[in-house]
2 protein chains.
Amino acid sequence: MTGVRARVRAELTAEIKAIARRQMAEEGPANLNLRAIARELGMVSSAIYRYFASRDDLLTALIVDAYNALGEVGEAADAAVDPHEVRARFLAVANAAYRWACEQPSQYLLLFGTPVPGYAAPQDTIAPATRFTIVLLGILDEAARQGAVPAVRPTVPPTVSVDFRRLRELTGTGGDDELMLAGMQAWTALFGAIGFILNGQFRNVIGDVDAMFAEFAQLLAGQVFHEVDPA
Amino acid sequence: MTGVRARVRAELTAEIKAIARRQMAEEGPANLNLRAIARELGMVSSAIYRYFASRDDLLTALIVDAYNALGEVGEAADAAVDPHEVRARFLAVANAAYRWACEQPSQYLLLFGTPVPGYAAPQDTIAPATRFTIVLLGILDEAARQGAVPAVRPTVPPTVSVDFRRLRELTGTGGDDELMLAGMQAWTALFGAIGFILNGQFRNVIGDVDAMFAEFAQLLAGQVFHEVDPA
DNA sequence: CCTGAAACGAGAGCACTGCTCTTGCATTCC
DNA sequence: GGAATGCAAGAGCAGTGCTCTCGTTTCAGG
């Protein structure tokens, strides 16, 4: 223990992030405002710089937290389902991500929206960023073990095949190239749908977006895990 | 003709937008800077306000232009293919959108990235915004006429079914609910994939993102237009 | 052709932002 | 106890969107 000072510092750091999150939720992800945070803390803006070297630094911390939160949500949803029921696992994880995104739209957009200008994600973010993806890859791995075959089998070109091989070695998971491609497509489709809904692209088009997303998830599950759990 | 003044005004308006586009491409979509535009024009910042009432107003004009550009690209790609070959039409439109997005990433992100904070899309934007979607719906309509059936047929819940009925009446296109759902899912998946690629979510994961996208498009085409053009 | 109205660009200025630097004070460590 | 470090405050800099005012230029109706 380095004494009181360290604990106060940790608390204040957490408080700054909490206020930043709340303000972002109210004013939009790009309106992160150091002076407003300082004002709310009864501090002067320059004092914030004792805790975060710059606005980007605070942003990075928030992004890492958000990635971890999403990752945890995905892991928890996956763990709550029978490991052999890949389809149920996929649906659980997909719905968990959707629910989390709807509850924390600003955080979701912080991760998958337009990158904040001039901001380059530092190395610290890539590990938390992969947590959710690893959950999906785990499901894909189990599906491959069960002999799953995507509903539509594309021919994977060699360049992509090389990437997939490296990805399999890196994570120790995954099925053949076709299943892998279908899985990644489902991954992007999932986040594409969430992004569309959050950004209001369906406004005045679809009323019940929640039901729509549920159907999308079902569709994706059926497209990827075709021969598994047929009815 | 209302004289020289009107023409100069139109030219300057266009020039402001052109500079804004270029600067956004260089500095990121959220860094639209009125003073920098004015500087480049050799004007003073307040003069810009003679042409656009506010920063949001300029943003709206740029968004409308971008929607129209994307819509035109989609329409042109669709028109260049035999109207009966729905699969080829879908691939052409999908690839056209991808190519346009890669060439104009800032414009694409202006449309489908995080909404600029505090910015609410006014009524003027919704008509141009639907242009690209209408192209896709047209393909879906032709597919329905040919008896296309999606690879995986979900059960569409009544609330979504109502939305689809209204959408069909509004646009005069579309097949049955199942095909409609598959089409909308393909739509979101398409833009989800483009967004992932543009935002660099595949960095250090997939090297040849172009090949990856081409496969995604093939996969989507196969998922939606299953019984059409079997080989 | 002339004149009043409208449009225009320049400039100053307001409130705000992220960020830097210096200055005292409090805490920690040797 | 004294030195080193952590800390908040305050002033200040360069930049932002936006407003208002002030002469000038253009245009249209009499």
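The values are calculated or read from the model by the stated rules, or taken from the named source; none is laboratory data. If you're wondering where the values come from, they're calculated on a predicted model, not measured in any experiment. Positions of Cβ are backbone-derived with ideal geometry, glycine not excepted, and every protein chain shown enters the neighbour counts.
Given the residues A:Leu58, A:Leu12, A:Leu34, which is the only one that is outside the structural domain of A:Gly195 (by TED's automatic domain parsing), touching a Lys or Arg at 6+ places or on another chain (Cβ under 7 Å) and not hydroxyl-bearing (Ser, Thr, Tyr)?
Exactly one of A:Leu58, A:Leu12, A:Leu34 is outside the structural domain of A:Gly195 (by TED's automatic domain parsing), touching a Lys or Arg at 6+ places or on another chain (Cβ under 7 Å) and not hydroxyl-bearing (Ser, Thr, Tyr), namely A:Leu34.
Would you be able to say whether some residue in the range B:33-40 is closer than 18 Å to B:Ser106 by Cβ and in contact (Cβ under 8 Å) with a residue 24 or more places away in the chain?
Yes, some residue in the range B:33-40 is closer than 18 Å to B:Ser106 by Cβ and in contact (Cβ under 8 Å) with a residue 24 or more places away in the chain.
Does any residue in the range B:132-159 that is more than 23 Å from A:Gln201 (Cα to Cα) come within less than 9 Å, Cβ to Cβ, of a residue that is surrounded by 16 or more Cβ atoms within 10 Å (Cβ to Cβ) and hydroxyl-bearing (Ser, Thr, Tyr) six or more places away or on a different chain, and which pairs are these?
B:Glu142/B:Thr173; B:Ala144/B:Thr173
Got a number for residues in the range B:1-38 being near DNA strand C (Cβ under 10 Å from one of its atoms) and touching a Ser or Thr at 6+ places or on another chain (Cβ under 9 Å)?
2
It is to be established whether one or more residues within the range A:198-207 are closer than 20 Å to B:Pro150 by Cα and more than 7 Å from chain B (Cβ to nearest Cβ). Spell out how you get there, then give the answer.
Of all residues in the range A:198-207, those closer than 20 Å to B:Pro150 by Cα come to none.
The answer is no, given that none of the residues of the range A:198-207 is closer than 20 Å to B:Pro150 by Cα and more than 7 Å from chain B (Cβ to nearest Cβ).
Of all residues in the range B:41-63, how many are aliphatic (A, V, I, L, M), touching a residue at least 12 places away in the same chain (Cβ under 8 Å) and either within 24 Å of B:Thr125 (Cβ to Cβ) or touching a Pro at 6+ places or on another chain (Cβ under 7 Å) (or both)?
Adding up the residues that qualify gives 6.
Can you tell me which residues in the range B:163-181 are surrounded by 14 or more Cβ atoms within 10 Å (Cβ to Cβ) and among the aliphatic types (A, V, I, L, M)?
B:Leu167, B:Leu179, B:Met180, B:Leu181 - these are the residues of the range B:163-181 that are surrounded by 14 or more Cβ atoms within 10 Å (Cβ to Cβ) and among the aliphatic types (A, V, I, L, M).
With respect to A:Val156, is the statement that it is touching an Asp or Glu at 6+ places or on another chain (Cβ under 6 Å) and either surrounded by fewer than 24 Cβ atoms within 10 Å (Cβ to Cβ) or assigned to a helix (DSSP H, G or I) (or both) true? Don't jump to the end; show me each part of the working.
Working: touching an Asp or Glu at 6+ places or on another chain (Cβ under 6 Å): yes; either surrounded by fewer than 24 Cβ atoms within 10 Å (Cβ to Cβ) or assigned to a helix (DSSP H, G or I) (or both): yes.
Judged against the criteria, A:Val156 is a match.
If I go through the range A:1-45 residue by residue, how many of them are within 14 Å of another protein chain (Cβ to nearest Cβ), within 13 Å of DNA strand D (Cβ to nearest atom) and at pLDDT 90 or above?
Counting residues in the range A:1-45 that are within 14 Å of another protein chain (Cβ to nearest Cβ), within 13 Å of DNA strand D (Cβ to nearest atom) and at pLDDT 90 or above gives 1.
Within the group B:Gly174, B:Gly200, which residue is assigned to a loop (DSSP other than H, G, I, E, B), within 30 Å of A:Arg165 (Cα to Cα) and assigned by TED's automatic domain parsing to the domain that holds B:Ala69? Walk me through how you get there before you give the answer.
Working: B:Gly174 fails: within 30 Å of A:Arg165 (Cα to Cα).
Testing whether each residue is assigned to a loop (DSSP other than H, G, I, E, B), within 30 Å of A:Arg165 (Cα to Cα) and assigned by TED's automatic domain parsing to the domain that holds B:Ala69 leaves just B:Gly200.
Take the residues in the range A:132-175 that are within 14 Å of chain B (Cβ to nearest Cβ) and of a type in the set (D, E, K, R), then tell me which one is farthest from B:Asp210 (Cα to Cα).
A:Glu169
Got a number for residues in the range A:203-231 being surrounded by fewer than 24 Cβ atoms within 10 Å (Cβ to Cβ) and either assigned to a loop (DSSP other than H, G, I, E, B) or in contact with a His (Cβ under 6 Å, 6 or more places away or on another chain) (or both)?
Total meeting the criteria: 12.
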